[in-house]
Amino acid sequence: MLLAVPNVSEGRDAAVLEAVGEAFAAGGARVLDRHEDPDHNRAVFTLAAEPGTLHEALTNGAREAIEHIDLTRHEGLHPHVGAIDVAPVVFRTPQQRGAALAEALALGDALGELGLPVFLYGLLADGRTRAELRTGGAAGLAQRMADGLRPDFGPDSMHPTAGAVLVAARPPLVAFNLELGPPATADDARAVARAIREGGPAGLPGLRAIGLTLAARGDVAQVSCNDEALALAALLEAVERHAPVAEAELVGLAPQAAFEGWPDRVPIRNRASIEERLSSLGVPKADRRRSR
């Protein structure tokens, strides 16, 4: 069983998110988790399905997202280039890697048929990153396409309301937010993010981070991270060298091993592991352990 973590550029309209989730399920996927955020205006779904079925389910949900999400009216803090912004297929073991690569290519072809320009990143694109493709947001990508950048699948111009989509096959990655204690500001959060992300003065390998404030939570300063190393305690330690952390938030699911060493003094909202959710599908325990 493979996983996928499609990110949708909608985090405020529950009816739209229900429709997209139901479309994923109608296409044959099990929806393990849905996390939405009104400030980011973004939702992250975690899906599970067999190879061959997963890309069909993702395409079914993308069709619904295209119908309901108009990027020309979108407002939100999170960088994005599309209504279905990114759609990575996730392999939990080395043995699943080949199947995930094939599934991601099938997904790219299917999304292109929907009229979306599809850009591959990561393993399928010689290491090209999401950050490279997202530079300047949807407008920046549209300009680079006008200048000659060609998608891997689909049309050579942006969809008028749904933009483009980024597709990859990758191992698990943890999306994790750390909320700084008062009186931290957006400037404080941005300074912390610059210091700890890969390439920063105290950067952690494989870490991407941005700083912002959340109006829906009373202008709380947040450092929003994507952690490839999966060591959340090390991430917390790095942030606390610069500012106190009041609370953390998991976006989507994480391997159980990512929580090892996490201190009880800092609560994690939405804490849940891939293994816990897969167990609800009746996946054998030995297979769940491989998620680590």
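The values are calculated or read from the model by the stated rules, or taken from the named source; none is laboratory data. The shown structure was predicted, so the numbers you read here are calculated from the model rather than taken from an experiment. Every residue, glycine as well, gets a Cβ built from its backbone with ideal geometry; the counts of neighbours run over all protein chains shown. For the accessible areas, the whole protein counts, side chains as well, though only heavy atoms, and no ligand, DNA or RNA atoms are used. Shrake-Rupley method; radii C 1.70, N 1.55, O 1.52, S 1.80 Å.
What to note about this one:
- Looking across ARG269, ARG197, ARG217, one residue alone is closer than 30 Å to ALA125 by Cβ, of a type outside the set (Phe, Trp, Tyr) and touching a residue at least 12 places away in the same chain (Cβ under 8 Å). It is ARG197.
- Restricting segment 232-248 to residues that are open to solvent by 10 Å² or more (accessible area, probe 1.4 Å) and closer than 19 Å to LEU173 by Cα, the residue that is farthest from the chain's Cα centre (by Cα): GLU237
- Hits in segment 85-121 (condition: in a helix (DSSP H, G or I), closer than 13 Å to VAL165 by Cα and either of a type in the set (Val, Ile, Thr) or over 19 Å from the mean Cα position of the chain (by Cα) (or both)): ASP109, ALA110, GLY112, GLU113
- Strands (runs of 3 or more DSSP E) wholly inside segment 179-292 that include at least 1 residues being within 23 Å of ARG97 (Cα to Cα) and touching an Asp or Glu at 6+ places or on another chain (Cβ under 9 Å): 207-214
- Pair list, Cβ under 6 Å, 6 or more apart: segment 23-36 residue touching a residue at least 12 places away in the same chain (Cβ under 8 Å), other residue in a strand (DSSP E or B) and open to solvent by 50 Å² or more (accessible area, probe 1.4 Å): PHE24/VAL31; ALA25/VAL31
- Test: residue in segment 122-131 that is open to solvent by less than 40 Å² (accessible area, probe 1.4 Å) and in a loop (DSSP other than H, G, I, E, B): no
- Number of the condition not met by ARG241 [criteria: (1) closer than 25 Å to ASP188 by Cβ; (2) free of Cβ contacts under 8 Å to residues at least 12 places away in the same chain]: (2)
- Segment 132-153, subset part of a helix (DSSP H, G or I) and among the charged types (D, E, K, R), residue nearest to the chain's Cα centre (by Cα): ARG134
- Taken over segment 1-30, the criterion of being more than 16 Å from ALA162 (Cβ to Cβ), open to solvent by less than 60 Å² (accessible area, probe 1.4 Å) and assigned to a strand (DSSP E or B) is satisfied by LEU2, LEU3, ALA4.
- LEU58 meets all of the listed conditions (1) touching a residue at least 60 places away in the same chain (Cβ under 8 Å); (2) within 18 Å of the chain's Cα centre (by Cα) but one, namely (1).
- One residue stands out among those in segment 31-53 that are farther than 14 Å from VAL251 by Cα and within 17 Å of the chain's Cα centre (by Cα): the one that is most open to solvent (accessible area, probe 1.4 Å), which is VAL31.
- PRO79 being within 19 Å of the chain's Cα centre (by Cα) and not in a loop (DSSP other than H, G, I, E, B): no
- For segment 106-118, the criterion of a residue being surrounded by fewer than 19 Cβ atoms within 10 Å (Cβ to Cβ), at pLDDT 95 or above and over 21 Å from LEU2 (Cβ atoms) is satisfied by at least one position.
- Test result for GLU56, at pLDDT 95 or above, open to solvent by 10 Å² or more (accessible area, probe 1.4 Å) and under 23 Å from GLN222 (Cβ atoms): no
- Every residue from segment 202-231 that is touching a Pro at 6+ places or on another chain (Cβ under 7 Å) and surrounded by fewer than 19 Cβ atoms within 10 Å (Cβ to Cβ): ALA216, ALA229
- Residue under evaluation GLY199, criteria (1) under 30 Å from ALA106 (Cα atoms); (2) surrounded by fewer than 21 Cβ atoms within 10 Å (Cβ to Cβ), criterion not met: (1)
- With respect to the conditions (1) in a helix (DSSP H, G or I); (2) within 21 Å of the chain's Cα centre (by Cα); (3) over 26 Å from VAL266 (Cβ atoms), THR161 lacks only one, and its number is (1).
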